[in-house]
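Throughout, read-outs are computed from the coordinates displayed, never taken from laboratory work. Note that the structure is a prediction, hence the values are computed from the model and not measured. Cβ sites come from the backbone with ideal geometry, for glycine too, and all protein chains shown count toward neighbours.
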Amino acid sequence: MNSSLPLHPVAADVCVAPQLQPEAMAEAARAGFRSVVNNRPDHEHGPGQPTSAEMAAAALAAGLQYRHLPVDGGYQSPEEIAAFAQLLAELPRPILAFCRSGARSARLYEAASAG
């Protein structure tokens, strides 16, 4: 995928990224992504980050599937890992997952894939 987005591939058809802005959703669609998963809770570090509602609206406008699965940066529960695995199974690929730095989305992917 050719893109200026800060992508880190974790599989052939799954990438993770740090916090994206709503305008990045159109670029993600142009890059070939079909789905986006936001793993960051709203207002995690204050009002500076876009809300899930803003991201969802931009993703839908770009023709992407969008899901919000907010998880804590330091701990992802077995239930959250299972929920992420379910998203991996049902969403059209390629999938782009993001959080503050990309690390928790990558950990979720690894844990969901190991199960």
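Starting from segment 23-79, pick out the GluC sites (Glu not before Pro) whose DSSP state is loop and whose Cβ has at most 16 other Cβ atoms within 10 Å.
In loop regions of segment 23-79 (DSSP not H, G, I, E or B), the sparsely surrounded GluC sites (Glu not before Pro) are Glu23.
Non-local amide H neighbours of Tyr66 (under 5 Å, H modeled in plane, Pro and chain starts lacking H): which ones?
Val36
Over the chain, what relative contact order in percent results from Cα pairs under 8 Å that are six or more residues apart?
Values: 190 pairs, mean separation 43.4, N = 115.
Relative CO of the chain lands at 38 percent.
Binned at 5 Å from 0, what are the whole-percent values of the Cα-Cα distance distribution for the chain, short to long?
Spelled out bin by bin, the chain gives 2, 13, 26, 26, 20, 10, 2 percent.
Identify the chymotrypsin sites (Phe, Trp or Tyr not before Pro) of segment 33-115 meeting these criteria: DSSP loop state and at most 14 other C-beta atoms within 10 Å of the C-beta.
Tyr75
Just add up the charged neighbours of Phe33: K/R +1, D/E -1, any other residue whose Cβ is under 14 Å from the Cβ of Phe33. Walk me through the numbers on the way to the answer.
Details: positive: Arg30, Arg34, Arg67, Arg93; negative: Asp13, Glu27.
With Lys, Arg at +1 and Asp, Glu at -1, the net is +2.
Taking θ = phi - 60°, what integer Hz values does the Karplus form 6.51 cos²θ - 1.76 cosθ + 1.60 yield along segment 29-46, in sequence order, with x for Gly and Pro?
Values, residue by residue: 5, 4, 6, x, 5, 10, 9, 10, 10, 9, 9, 9, x, 4, 6, 4, 10, x Hz.
Treat the count of other C-beta atoms within 10 Å as a stand-in for reagent exposure and order Arg104, Arg40 from fewest to most.
Ranked by crowding around the Cβ, least crowded first: Arg104, Arg40.
Could you derive backbone 3J(HN,Hα) for segment 71-81 from the dihedral phi with the Karplus parameters 6.51, -1.76 and 1.60 (θ = phi - 60°), listing whole Hz in sequence and x where the residue is Gly or Pro?
Coupling constants for segment 71-81: 9, 5, x, x, 8, 10, 6, x, 5, 5, 4 Hz.
Which percent, nearest 5, of DSSP beta bridges in the chain are antiparallel?
Counting DSSP beta bridges with both partners in the chain, the antiparallel share is about 20 percent.
How much length, in nm to one decimal, is gained on full extension between Ala11 and His45, taken as 0.36 nm per residue of separation minus their Cα-Cα distance?
This chain segment gains 9.4 nm when fully extended.
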